[in-house]
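**Student:** Here it is, the structure in full.
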């Protein structure tokens with residue numbers, strides 16, 4: 001049995017490990033974190049995208065930054081995704097990479113995974129003391145009022161949307177608007193590899209959701225706020241990705 005296990009396979013209390021995280025950030029991940037730091041210092045509320053290709057370490061980059069900038073400062077995190085694998089991947093990252101040197105002000109924190117899967121919790125299980133809620137967008141979209149007690153005493157919330165190019169969908173927008181209406185400062189971070197692959201009818205919706213960040217030429221054209229972006233070609237050129245035997249292999 002895992003030593004962090006509390007009372008269900010969906011809920012864990014994590015005690016930061018002693019020492020330093022042995023996993024080294026790649027250069028593009030360091031740049032993404034620096035960009036987030038600058039945005040976080042500049043604005044009390046914001047909405048932005050981090051754009052990294054598949055395999056570029058989006059989850060690791062975001063969770064590492066959030067452990068230091070949210071959990072260590074007593075702020076809650078709401079992490080949304082539409083697939084079970086993404087939920088469990090996020091939970092594993094928070095659990096695996098929590099180190100005391102990066103979050104010296106907390107002795108423990110917990111996460112709760114919520115979805116329609118039998119091994120996960122339900123929205124009825126949400127407790128005000130939960131530090132991180134990792135929830136499928138459909139489970140939350142049907143039960144938004146279950147967030148009320150969790151949000152009640154908070155003036156700042158970090159909301160992460162994995163595969164954020166899907167956040168133009170009605171359910172995601174409903175969740176964003178609901179949280180924004182109940183929290184003074186919402187810090188919305190979308191993670192995606194494909195920020196502009198949306199249906200023609202949804203063109204422009206992404207720019208209404210994500211409005212802040214350093215913008216490149218494509219982002220300016222689409223008017224989407226992107227705090228950091230790097231493409232697959234640039235990662236290949238930087239030797240982070242290697243192409244061998246017609247397969248893409250990543251060290252991330």
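**Student:** (1) assigned to a helix (DSSP H, G or I); (2) out of contact with any helix residue (DSSP H, G or I) (no Cβ under 9 Å at 6 or more places or on another chain); (3) under 24 Å from residue 59 (Cα atoms); (4) at pLDDT below 95: which one isn't true of residue 177, the others all being true?
**Tutor:** (4)
**Student:** Given the options 162, 125, name the one that is over 19 Å from the mean Cα position of the chain (by Cα) and touching a residue at least 40 places away in the same chain (Cβ under 8 Å). Step through it out loud before you land on a result.
**Tutor:** On the way: 162 fails: over 19 Å from the mean Cα position of the chain (by Cα).
Result: 125 is the single residue among 162, 125 that is over 19 Å from the mean Cα position of the chain (by Cα) and touching a residue at least 40 places away in the same chain (Cβ under 8 Å).
**Student:** Let me confirm something: among 187, 221, 247, 208, which residue is modelled with pLDDT of 70 or more and surrounded by fewer than 19 Cβ atoms within 10 Å (Cβ to Cβ)?
**Tutor:** That would be 208, the only listed residue that is modelled with pLDDT of 70 or more and surrounded by fewer than 19 Cβ atoms within 10 Å (Cβ to Cβ).
**Student:** Give the residue, chosen from 138, 162, 155, that is on the phi < 0 side of the Ramachandran plot and crowded, with 19+ Cβ neighbours inside 10 Å.
**Tutor:** Among 138, 162, 155, only 162 is on the phi < 0 side of the Ramachandran plot and crowded, with 19+ Cβ neighbours inside 10 Å.
**Student:** Separate question: Can you tell which of 87, 67 is touching a strand residue (DSSP E or B) at 6+ places or on another chain (Cβ under 7 Å) and under 25 Å from residue 193 (Cα atoms)? Quick ask: steps written out before the conclusion?
**Tutor:** Numbers: 67 fails: touching a strand residue (DSSP E or B) at 6+ places or on another chain (Cβ under 7 Å).
Result: 87 is the single residue among 87, 67 that is touching a strand residue (DSSP E or B) at 6+ places or on another chain (Cβ under 7 Å) and under 25 Å from residue 193 (Cα atoms).
**Student:** Name the one entry in 198, 214, 194 that is in contact with a helix residue (DSSP H, G or I) (Cβ under 9 Å, 6 or more places away or on another chain), part of a loop (DSSP other than H, G, I, E, B), within 18 Å of residue 51 (Cβ to Cβ) and at pLDDT below 65.
**Tutor:** 198
The values are calculated or read from the model by the stated rules, or taken from the named source; none is laboratory data. This structure is a prediction, so every number in the text was calculated from the model and none was measured. Note that we place each Cβ from the backbone using ideal geometry, even for glycine, and neighbour counts take in every protein chain shown.
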